[in-house]
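Below is one structure, written out as structure tokens; the observations come after it.
The values are calculated or read from the model by the stated rules, or taken from the named source; none is laboratory data. Just so we're clear, the structure is a prediction, and the values are computed from it rather than from any experiment. FYI the Cβ positions are ideal-geometry reconstructions off the backbone, even for glycines, and counts take in every protein chain you see. Heavy atoms of the whole protein, side chains included, go into the accessibility calculation; ligands, DNA and RNA do not. Shrake-Rupley method; radii C 1.70, N 1.55, O 1.52, S 1.80 Å.
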Amino acid sequence: MLKIEKLTVEVAGKVLLRDLDLEVKKGHTNILFGPNGAGKSALMRTIMGFSGYKVISGRILFNGEELAELSVDERAKRGIGIMMQRPPDISGVRLRELIKATSRGRIEPEALAKTLDLKPFLDRDVNVGFSGGEIKRSELLQLAAQDPAFFLLDEPESGVDLVSIGQIGKLIRKMLSAGIKCPGERYEKGKSALIITHTGQILDYVRADRGYILCEGRIMCSGNPLELLDEIKSRGYEECIRCKLKS
Amino acid sequence: MQAEELNLKKRAEKALQKRARYGEDFDLKSFGAAPKFAKPIKDLRELDPESKKTLLQVGIVPDAKARLGSLIITDNALAHTSLSDKSLELLSTQQALKKHPWLKAYAWKLVPVDTDKYSAKSYLEAADGYFIRVPAGKKASFPLQTCLLLRSEKVSQTLHNIVFVEEGAQLDLITGCTVEKGVEEGLHLGISEIYIKKGASLNFTMIHNWNKQIGVRPRTVVCVEEGGSFVSNYICLKPVRSVQSYPTVRLEGKGAVTRLSTIAIAYPGSELDLGSRAVFNAPGTRAELISRTITTGGKIIARGEMLGWAKGAKGHLECRGLILSESGSQRAIPILEANVEDIELTHEAAVGKLARAQVEYLMARGLSEEEAVGMLVRGFLDVGIRAIPKKLRREIEDTITKTALGM
Ligand SMILES: Nc1ncnc2c1ncn2[C@@H]1O[C@H](COP(=O)(O)OP(=O)(O)OP(=O)(O)O)[C@@H](O)[C@H]1O
Ligand SMILES: [Mg+2]
């Protein structure tokens with residue numbers, strides 16, 4: 001579904017991502033680990049096509065189509081949806097209005113908001129004064145309205161209280177498995193996702209297929225996400241860098 | 001009295017050549033006098049669809065249930081009045097001057113006749129307009145609406161409006177100023193004197209909808225007594241040649257408050273010189289002046305002025321200007337002046353383009369660039385008019401969306 005080949009990206013004259021290869025197959029959920037400042041969010045923003053993230057070499061393919069020439073909204077229309085780590089304040093635009101526009105009127109904002117306890121937020125300006133956890137829920141609400149085929153989730157659980165993590169985790173699981181009746185259908189009809197996490201808490205809710213470790217703009221390692229998480233927890237990222245240097 | 005009138009007349013005659021302090025100088029001689037007669041409109045519901053649309057675009061609805069009363073002036077003459085609550089007064093200023101001898105003591109007291117050539121001309125033509133009086137303690141359940149319609153080509157319309165909201169009374173007033181379809185060139189000169197008595201409040205919404213060669217020169221002064229409140233929303237979102245207005249609110253009584261919002265768009269060829277001024281003349285008075293303007297190629301000057309003369313006064317001025325094209329210009333001129341201690345006046349001004357990050361955020365949700373910009377622009381303006389009472393605001397937001405932004 002998503003295939004990234006030898007991608008090098010520059011931001012503000014500085015190379016942030018170098019020679020990066022990554023793949024997320026249809027119906028798969030892959031996890032992206034890495035220390036602060038590694039370039040994880042930058043990768044998601046590059047995939048989405050935000051300005052300022054300049055592809056120097058390599059390419060990003062989505063369902064076989066190269067994304068380079070596509071604008072942000074064209075990528076969204078192809079089925080890519082993003083939950084941003086730090087979305088901008090949209091003063092003057094109420095969440096209700098954005099949900100309506102995003103879902104093209106398919107969805108009744110009230111009902112959708114109820115599942116995320118966001119009803120009181122519908123008449124507030126998007127992100128303005130939202131707490132950290134409220135931002136996460138509002139981003140998810142917008143994604144639910146958008147209904148993408150491919151989810152880019154940037155730290156969906158960070159800053160979220162323990163009760164809400166359950167709520168968010170379950171909703172993400174529900175969105176990723178929308179339209180599939182049995183596990184066997186997952187790789188055929190399921191949605192795909194790339195999820196950034198530091199704590200791995202989201203792994204309690206979604207079935208992850210593959211993990212990647214990103215350090216200093218490079219993929220250091222990939223493998224079973226739970227095993228990678230254990231490794232990071234016990235030995236930290238330093239070890240990954242050392243290991244990569246050896247190879 | 002006679003002597004005073006003579007004196008006013010003399011002052012006005014002397015000011016007939018007096019240029020206004022700001023804005024393009026219009027040559028009054030190149031405009032004819034607007035007709036002093038009007039074809040009466042019996043019932044707004046019987047207007048032809050085109051006229052109805054013209055009125056709707058400035059917030060004037062034909063439905064009598066949604067409004068307590070309506071008054072329409074076409075060119076320089078009264079064309080319609082209707083009023084369902086007779087405890088209020090809604091008539092033309094000239095009618096009111098005949099009916100109430102006391103009114104003379106208030107007319108031309110807030111706006112000096114010799115402010116500039118436009119006020120002078122309005123005085124000398126004995127300009128008519130609307131007169132509204134809400135009796136003490138009366139809280140009007142629905143808004144009143146007034147419409148000032150320019151119908152003739154290349155004339156100067158002169159108007160004089162006087163509003164009284166008596167002690168403890170409350171009113172929502174909508175005034176729509178516009179031109180009949182097809183009228184291309186003209187001048188609209190409007191004097192407004194508004195008295196808000198002790199504990200009274202007026203929520204005033206004014207929508208302008210002009211044409212490319214129309215010049216607009218309103219002259220407005222509001223006097224707010226103790227505990228009174230004046231909330232104003234000025235909306236101008238269609239092409240116009242030049243609007244220059246700088247209404248002044250005098251906060252004369254303890255604890256008087258005001259909030260003035262301006263939202264406007266300047267198209268190529270438009271010059272909008274818009275401002276508002278609050279004068280704090282009594283302790284504990286408050287003011288908030290907000291301006292949200294957009295240029296798509298025209299010139300905008302957003303002025304704001306707060307003059308503090310009394311202790312415990314507090315005021316905030318916020319000017320935001322968006323530039324949506326290569327050619328337009330935005331100039332923000334905030335002025336703060338404190339003349340006593342224990343006073344707090346602040347301002348915030350920003351001009352520039354839309355933040356790319358905001359546009360792309362909405363695009364990432366599948367909105368096209370055009371839709372994203374439209375949503376942000378609407379939101380930008382919307383913040384400027386949030387003080388309008390909820391029900392009315394929805395109506396006005398609708399007007400903005402459908403007729404002004406064409407979305
Ligand atoms: N627009 C930008 N201009 C300058 N530097 C940037 C820009 N965007 C990202 N960076 C820098 O690039 C590096 C990677 O940023 P990124 O946000 O991708 O980190 P991350 O891996 O998501 O970290 P975290 O776990 O803290 O979210 C950081 O050092 C960041 O400061
Ligand atoms: Mg990040």
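The set of residues from region A:1-12 being surrounded by fewer than 19 Cβ atoms within 10 Å (Cβ to Cβ) and more than 9 Å from ligand 1 (Cβ to nearest atom) comprises A:Lys3, A:Glu5, A:Lys6, A:Thr8, A:Glu10.
Going by the conditions given, is A:Thr102 hydroxyl-bearing (Ser, Thr, Tyr) and surrounded by 20 or more Cβ atoms within 10 Å (Cβ to Cβ)? Considered against the rule, which asks whether it is hydroxyl-bearing (Ser, Thr, Tyr) and surrounded by 20 or more Cβ atoms within 10 Å (Cβ to Cβ), A:Thr102 comes out as yes. Of the residues that make up region B:9-20, is at least one closer than 22 Å to B:Met206 by Cβ and either at pLDDT 95 or above or not in a helix (DSSP H, G or I) (or both)? Yes.
Each residue in region A:202-236 was checked for being within 16 Å of ligand 2 (Cβ to nearest atom), open to solvent by 40 Å² or more (accessible area, probe 1.4 Å) and closer than 29 Å to A:Asp161 by Cβ, and 0 of them qualify. Select, from B:Asn209, B:Asn161, the only residue that is under 12 Å from the mean Cα position of the chain (by Cα), modelled with pLDDT under 95 and either farther than 14 Å from B:Lys238 by Cβ or in the same structural domain as B:Lys52 (by TED's automatic domain parsing) (or both). Checking each option against the conditions leaves just B:Asn209. Pairing each residue of region A:59-77 that is touching a residue at least 60 places away in the same chain (Cβ under 8 Å) with any residue that is open to solvent by 60 Å² or more (accessible area, probe 1.4 Å) and of a type outside the set (A, V, I, L, M), provided the two are 6+ apart or on different chains, yields C-beta distances under 6 Å for A:Phe62/A:Arg78. Scanning region B:196-204 finds one or more residues that are within 17 Å of the chain's Cα centre (by Cα), hydroxyl-bearing (Ser, Thr, Tyr) and over 15 Å from B:Pro247 (Cα atoms). Of all the criteria given as (1) on the phi < 0 side of the Ramachandran plot; (2) more than 14 Å from ligand 2 (Cβ to nearest atom), the one not satisfied by A:Leu16 is (2).
The number of residues in region A:43-61 that are within 17 Å of A:Leu194 (Cβ to Cβ) and within 14 Å of another protein chain (Cβ to nearest Cβ) comes to 8. Say whether the condition of being within 7 Å of another protein chain (Cβ to nearest Cβ), open to solvent by 10 Å² or more (accessible area, probe 1.4 Å) and within 16 Å of ligand 1 (Cβ to nearest atom) is met by at least one residue in region A:72-89. Yes.
Listed here are the residues, each with its yes/no results for (1) among the hydroxyl-bearing types (Ser, Thr, Tyr); (2) at positive phi.
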position: B:Lys154; (1), (2): no, yes
position: B:Phe164; (1), (2): no, no
position: B:Thr178; (1), (2): yes, no
position: B:Gly182; (1), (2): no, yes
position: B:Leu187; (1), (2): no, no
position: B:Ser192; (1), (2): yes, no
position: B:Tyr195; (1), (2): yes, no
position: B:Trp210; (1), (2): no, no
position: B:Arg217; (1), (2): no, no
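So A:Ile107 passes all but one of these: (1) within 16 Å of ligand 2 (Cβ to nearest atom); (2) at negative phi. Which condition number does it fail? Condition not satisfied by A:Ile107: (1). For region A:46-58, the set of residues classified as touching a residue at least 12 places away in the same chain (Cβ under 8 Å) and either more than 10 Å from ligand 1 (Cβ to nearest atom) or surrounded by fewer than 16 Cβ atoms within 10 Å (Cβ to Cβ) (or both) consists of A:Ile47, A:Met48, A:Gly49, A:Gly52, A:Lys54, A:Val55, A:Ile56, A:Ser57, A:Gly58, listed by residue number. The single condition among (1) basic (Lys, Arg); (2) without any contact (Cβ under 8 Å) to a residue 40 or more places away in the chain; (3) over 30 Å from B:Lys390 (Cα atoms) that A:Arg186 does not meet is (2).
Residue check: A:Leu43 meets all listed conditions (1) out of contact with any helix residue (DSSP H, G or I) (no Cβ under 6 Å at 6 or more places or on another chain); (2) of a type outside the set (Gly, Ala, Ser); (3) open to solvent by 40 Å² or more (accessible area, probe 1.4 Å) but one, namely (3).
Tell me whether region A:18-36 contains one or more residues that are within 14 Å of chain B (Cβ to nearest Cβ) and within 14 Å of ligand 1 (Cβ to nearest atom). No, the conditions are met nowhere in region A:18-36. Checking each residue of region B:27-45 against the condition of being out of contact with any Phe, Trp or Tyr (no Cβ under 8 Å at 6 or more places or on another chain), in the same structural domain as B:Pro143 (by TED's automatic domain parsing), among the aromatic types (Phe, Trp, Tyr) and open to solvent by less than 70 Å² (accessible area, probe 1.4 Å) gives at least one match. Being free of Cβ contacts under 8 Å to residues at least 40 places away in the same chain, open to solvent by 60 Å² or more (accessible area, probe 1.4 Å) and more than 11 Å from every other protein chain (Cβ to nearest Cβ) narrows it down to one residue among A:Arg96, A:Arg173, A:Arg137; which is it? Sole residue among the options that is free of Cβ contacts under 8 Å to residues at least 40 places away in the same chain, open to solvent by 60 Å² or more (accessible area, probe 1.4 Å) and more than 11 Å from every other protein chain (Cβ to nearest Cβ): A:Arg173. A:Pro156 - would you say it is touching a residue at least 24 places away in the same chain (Cβ under 8 Å), in a loop (DSSP other than H, G, I, E, B) and more than 16 Å from ligand 2 (Cβ to nearest atom)? When the stated conditions are applied, A:Pro156 does not pass them.
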